[in-house]
Each structure stands twice: as structure tokens, then as C-alpha cells.
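Single-structure report; data block below.
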Number of protein chains: 2
Amino acid sequence: MKPSFISLDWGTSSLRATLVAADGAIMESRSAAGGVMTVKDRDFHTPLNAICEDWIDMHGCPIVASGMIGSRQGWVEAPYLACPATPAAAAHAFTTLRVADKVDMHIIPGVRCGGVDSIHDVMRGEETQIWGAGVGPQSLCVLPGTHNKWVFVDDNSTITHFATYMTGELYGLLTKHGILGRLMEFGTRDDEAFRAGVALGLKHPEQATHVVFAARTARLMDEMAPAGLPDYLSGILIGVEVASARAVYLPDASRPVVLIGDDDLCRRYEWALEMAGLRTERAIDGATVLGHVRIAKEAGIVDRSAH
Amino acid sequence: MKPSFISLDWGTSSLRATLVAADGAIMESRSAAGGVMTVKDRDFHTPLNAICEDWIDMHGCPIVASGMIGSRQGWVEAPYLACPATPAAAAHAFTTLRVADKVDMHIIPGVRCGGVDSIHDVMRGEETQIWGAGVGPQSLCVLPGTHNKWVFVDDNSTITHFATYMTGELYGLLTKHGILGRLMEFGTRDDEAFRAGVALGLKHPEQATHVVFAARTARLMDEMAPAGLPDYLSGILIGVEVASARAVYLPDASRPVVLIGDDDLCRRYEWALEMAGLRTERAIDGATVLGHVRIAKEAGIVDRSAH
């Protein structure tokens, strides 16, 4: 079958290319390490050609891309769609770049919304995952990552509001560069320590910058082994996040919260959400490519009548 | 006049030695860079001798030390006194080490207390500052630093409760190693950005790990210049801390909160506390040495009848 487009999931640290057929089916996928932060001298052509120059030459089909490639540090800065945001609106707000002879790369816009006190919030890439994940109407979704997103999706996949929590980055900074990390041993999973941390964080989101210090004092007082501290800290930060986000979204306990993303992180959020009295479900895998297919249909790149 | 002891303020990054007379008066002070974290192969003798070997040889007087020198990473781990903690109790819980012929170094214990949900909290060095600062009865004190302390001091300088907020460390990690720091320009003071951050943090302590993300989006949306971002982030974190600690200590707005420490940091807390409707006052300078003198009197090293 003839390909219709190349899907690029181009993030901070990695790049994934997928060849998509005219009917929206996946033909072939490839991964590489050529993330936006690894690109030197703004030479984005090199990692692009390395991963799929043969496809571009052979098929001459367009490219649809999402993720940090559209950020200020990316190839070109794509705008943010204001909420409420839909796949159709995204398909009409591509930022298009000619990347080879007669071949265009269409970068999907990010999404922005107004948060507490009119501070801004932004996402770039997660909107595409949500649109591909087959999320039902009126769903609350959680996308764990460096900057975790809580996203409310209304009817017809409309993203109406979201909030970012810096949980993943804070965990990385505190363990890799902070004083807490010096007391820790890494590599052992400690579910009990994780749950103890979640319980503490869930109770005291309003004391976030205080309760993280418990990951130091628990060690100083010999109440926790060095190998338990990373999961204890992870639990505290995730517990704080779940309690904070619950206060914003007031989720209906009878409807599952949809988790989208990395398996290990989703498991942590499953536990924390369950400890907070909430049900969860996992989204289907491969959400990003499916999101690209959906947006490509809206844009007329893939036949709208295809499955 | 004959010296009675050598006071050592031996912290993470610096070392300060002061020669104290029999009547408690300060005779001479010296500073060096030989903080605990700069010591190689646990050779603490070298920085000690570098700063005051002549005093030790000439006077043979004892040494009284406080700070990270008594931590697990220090010369020897000194215990923590449980709250309520007094200068007299500290003077009877020295950890003593012979550091030269007939010369003992007495390390002042740290202080611990039970925090929210029975998590532990600890301080090491700040207790000595408080005892030297001449704090009145029933005072709430704030000691800004890497790990900020809020300390309640009852009658007779008794430390009854305290809480640590990791504000200083989080600011350092986010600006030096985090994604937020990449958008920032340092070196310019921006009081307006600081106050905007404080206002946001004061309103939303229960959204701490969310509102810090505003320091990224304010830049992405071109609402703040790169030079304003460090003070904006500092304000958000300090605002969150003040709101969190206020909920724990419910300070009486008619009584000033006592600020002890570095001038620039104290100024930031003065502003944030005033924005929170609280009055402030500064403690006297040189609180650490005065704390050593007070504890040395309790220990009989300095004549108790001295001024």
C-alpha cells in the first residue's frame, strides 16, 4: 500500500519516525536518539535524514511532527492553540517547513490555557497523545513525565483545561543534584517506601516544600535505608501532585482517571490515585502516531473515510 | 585579657574562628573557605590548624563549635537534642573531641522535633544563632538559607518547635540545573518580578509544584524578560513558603517575626512577610558567636557572672 505521510514524534531526548499508509495503518517504525537537545548548531536536517531520508526519497510524502521540535529550542517555533482545542483546529494551524524537494513538514501546534490567577500553562506533544488515545467524553487524563500534565477532555476530544506539575523535574533535580540525593542508593524498587511517601504527600500538599525534607530526616534518624529514599521522595512528590490536582479538578470518583504514558510512571500514578480514592485506566499504546493519523485526516493528508 | 575559648562557626562552605575573652568579649575574628564540604579525606585538622593553630598553641584554651562540623559529613556526628531545647541542655550534651595536646573541641548538639505526621525535622547551627540573637519570649523566628527554618521560641530561649522549608535549595536547583534556568538571565535585581512571584505563591501554597511552572510560561508567553525570571521564581518559592509556614504557626500579626541571617535573603523575607500582613524585625548581627558565649557560660567555660 502507498504511504500517506511520515509521522515524527520529536521530543527533547528522542526521535521516532513511523511510515503511515493511505488508510491510516502503520507500515514501519524506527527510533533514534536525535532528540531536540542533542542537535548541534541547529542542524535538524542531519537527524531527520538519518532516520528517514530513504522514505522521503522513495515516497516523497509529507511529514507530520509533534513535540519539542516545535518549541523555541526546536526547528521552528510553532504557536500554541488556545483552549478549547480540537484536532480539527490543530490541523488548520500547522506550521509548515519545506525540508526536502517538494516535501513539507507540518508541525502540530501546542496548546495553552489560563491557569490559576491567569498564569499561563502550555503543552507541546501531549495534545497529540490525547487525541490519539481514544479518550472518552468528559475524561480527566494524567500524562506523567518531566512536566506532568492533568488534562480535562470534554466532548469530541476537546481539551478544555489542563495544569502542569513539575514533579518529574523536581524529582530529577533533588536526586541528581541535591543534598537529598547524597544520602540515597539507587536501583532498588521499594514499594512500601513509595506508598509511605504518597500518604505523606496526599495529606500535606500545602506543605510541599516542607514535606520533601522528610526524605532527608528519615535517613538521618535511621528510619529508612538509603535504598528506600528514592521511592520515598518519588511518593512524596506524586502524593503532593495528586492532592493538588484533585483540588483543581474535583474528579468524580466513579469515573476512571485515564493514564497515558510510560509504564513505570503510570504504575506509580495508579497507586497514588488509588490511595486518593480514585479509579484509573490505561490508554491504548502508540497514542502519538494515532494522534498524528487523526490530525492528518482532519488536514486531508489521510483519507477521512479511512478506518 | 586572657582568652577563655575559641568559637568555631564551621558550616558547609565556610569556617569562622573567633577568640573570646574570659568575660565573653570578642577579641579577634578570622574567616576561611575550609567548610565541611571542602575537606579532603576527612582531614579536618588541616583547616582547623590553618585558621587558628597559633591561638591553640599560645592559649591552650578549649574550642566550642557549631554547624555542619557535627553532621554525619563532619568531623564527628553530634546528637540532636529533642525539643523543647535550651542553651543549658546543649551545654550538657557536648560531643567532645581532643584536637591538640590538652585542647578539647566541644561540638554543640543539633536540635530535632516532630513535624507534621510525626515526620522528623532537624537543625544544626541555627539553634546556636537563635540562642545568641537575643530573641524575646514567644517569638517566631525565620532563618533564611538553603534549608530555611521557621522556629518558635518560648520563654527563656526554649526552642519548642520548628519546620524546615527547602526553598533555598529548590531555587538553586531550578536555576542552576533545571529547564527554567535555561530561559533566565542572572545578575539583575527585579523587585517588581519578585513581588509578583510572592503574590502568586502566597495565594497558592497548595499548588506549589504547579505555580513554579509559571516562571517558564511567563517567559514563553513573552510576559516577562529573562532578567526578571530569577526574582520571579524566588518570589514564588518564598511566597509558597510564607503561606505554608503561616498555616502551621498562625503568627500573631501584632508581634514581629524575627529574621536572622544574610542581609539580602532577610530583605526578601521582610517583603514577603509584609505582603502576607505580618510585621518583621531583624536580629542583632554576630548571633553565632554570641550563642557560643552563652552556651560556654552554661558549660562553665566562660564565667557565668560575666556580662
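The values are calculated or read from the model by the stated rules, or taken from the named source; none is laboratory data. Computed from a predicted model, the values in this text were never measured in an experiment. Glycine also receives a Cβ, built like all others from the backbone with ideal geometry; neighbour counts cover every protein chain displayed. What goes into the accessible areas is simple: the full protein's heavy atoms, side chains included, and nothing from ligands, DNA or RNA. Shrake-Rupley method; radii C 1.70, N 1.55, O 1.52, S 1.80 Å.
Would you confirm whether or not the stretch B:182-193 contains a residue that is at negative phi and in contact with a strand residue (DSSP E or B) (Cβ under 8 Å, 6 or more places away or on another chain)?
No, the conditions are met nowhere in the stretch B:182-193.
Out of A:W75, A:W55, report the one residue that is over 18 Å from A:T288 (Cα atoms) and open to solvent by 10 Å² or more (accessible area, probe 1.4 Å).
Going through A:W75, A:W55 in turn, the sole match is A:W75.
Regarding the stretch B:137-145, can at least one residue be identified that is more than 14 Å from every other protein chain (Cβ to nearest Cβ), over 15 Å from the mean Cα position of the chain (by Cα) and open to solvent by less than 30 Å² (accessible area, probe 1.4 Å)?
There is at least one residue in the stretch B:137-145 that is more than 14 Å from every other protein chain (Cβ to nearest Cβ), over 15 Å from the mean Cα position of the chain (by Cα) and open to solvent by less than 30 Å² (accessible area, probe 1.4 Å).
Just to be sure, is B:A193 farther than 18 Å from A:E206 by Cβ, facing chain A (nearest Cβ under 10 Å), surrounded by 17 or more Cβ atoms within 10 Å (Cβ to Cβ) and touching a Phe, Trp or Tyr at 6+ places or on another chain (Cβ under 9 Å)?
On the way: farther than 18 Å from A:E206 by Cβ: yes; facing chain A (nearest Cβ under 10 Å): no; surrounded by 17 or more Cβ atoms within 10 Å (Cβ to Cβ): yes; touching a Phe, Trp or Tyr at 6+ places or on another chain (Cβ under 9 Å): yes.
When the stated conditions are applied, B:A193 does not pass them.
Is it fair to say A:L290 is touching a residue at least 12 places away in the same chain (Cβ under 8 Å) and in contact with a Leu (Cβ under 8 Å, 6 or more places away or on another chain)?
Considered against the rule, which asks whether it is touching a residue at least 12 places away in the same chain (Cβ under 8 Å) and in contact with a Leu (Cβ under 8 Å, 6 or more places away or on another chain), A:L290 comes out as no.
So is B:L265 of a type in the set (A, V, I, L, M, F, W, C), in contact (Cβ under 8 Å) with a residue 24 or more places away in the chain and open to solvent by less than 20 Å² (accessible area, probe 1.4 Å) or not?
Working: of a type in the set (A, V, I, L, M, F, W, C): yes; in contact (Cβ under 8 Å) with a residue 24 or more places away in the chain: yes; open to solvent by less than 20 Å² (accessible area, probe 1.4 Å): no.
No; evaluated as a whole, the condition is false for this residue.
The rows are residues; the columns are (1) small (G, A, S); (2) modelled with pLDDT under 95; (3) more than 24 Å from A:L143 (Cβ to Cβ).
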site: A:A22; (1), (2), (3): yes, yes, yes
site: A:F44; (1), (2), (3): no, no, yes
site: A:I56; (1), (2), (3): no, no, yes
site: A:S71; (1), (2), (3): yes, yes, no
site: A:A91; (1), (2), (3): yes, no, no
site: A:I108; (1), (2), (3): no, no, no
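Which condition does A:R255 not pass, out of (1) crowded, with 19+ Cβ neighbours inside 10 Å; (2) under 18 Å from A:F152 (Cα atoms); (3) in contact with a strand residue (DSSP E or B) (Cβ under 9 Å, 6 or more places away or on another chain), if it passes all the others?
It is condition (1) that A:R255 fails.
Can we say B:L180 is over 14 Å from B:V242 (Cβ atoms), among the hydrophobic types (A, V, I, L, M, F, W, C) and either at the interface with another protein chain (Cβ under 7 Å from one of its Cβ atoms) or in contact (Cβ under 8 Å) with a residue 40 or more places away in the chain (or both)?
yes
Within the stretch B:112-136, count every residue that is among the polar types (S, T, N, Q) and either open to solvent by 10 Å² or more (accessible area, probe 1.4 Å) or within 13 Å of chain A (Cβ to nearest Cβ) (or both).
Residues in the stretch B:112-136 being among the polar types (S, T, N, Q) and either open to solvent by 10 Å² or more (accessible area, probe 1.4 Å) or within 13 Å of chain A (Cβ to nearest Cβ) (or both): 2 in total.
Within the stretch A:153-196, can you find the residues that are in a strand (DSSP E or B) and farther than 18 Å from A:V212 by Cα?
Result: A:V153, A:I159, A:T160, A:H161, A:F162, A:A163, A:T164.
For the stretch A:228-250: of the residues being small (G, A, S), closer than 15 Å to A:Q207 by Cα and touching a residue at least 60 places away in the same chain (Cβ under 8 Å), which is surrounded by the fewest Cβ atoms within 10 Å (Cβ to Cβ)?
The qualifying residue surrounded by the fewest Cβ atoms within 10 Å (Cβ to Cβ) is A:A245.
Residues to consider are B:E206, B:E223, B:E169; find the one that is of a type outside the set (S, T, Y), within 29 Å of B:G134 (Cα to Cα) and within 11 Å of another protein chain (Cβ to nearest Cβ).
Going through B:E206, B:E223, B:E169 in turn, just one is of a type outside the set (S, T, Y), within 29 Å of B:G134 (Cα to Cα) and within 11 Å of another protein chain (Cβ to nearest Cβ): B:E169.
Does B:A90 qualify as being closer than 18 Å to B:K149 by Cα, open to solvent by less than 40 Å² (accessible area, probe 1.4 Å) and away from chain A (no Cβ under 14 Å)? Give the steps one after another, and end with the answer.
On the way: closer than 18 Å to B:K149 by Cα: no; open to solvent by less than 40 Å² (accessible area, probe 1.4 Å): yes; away from chain A (no Cβ under 14 Å): yes.
No, not satisfied.
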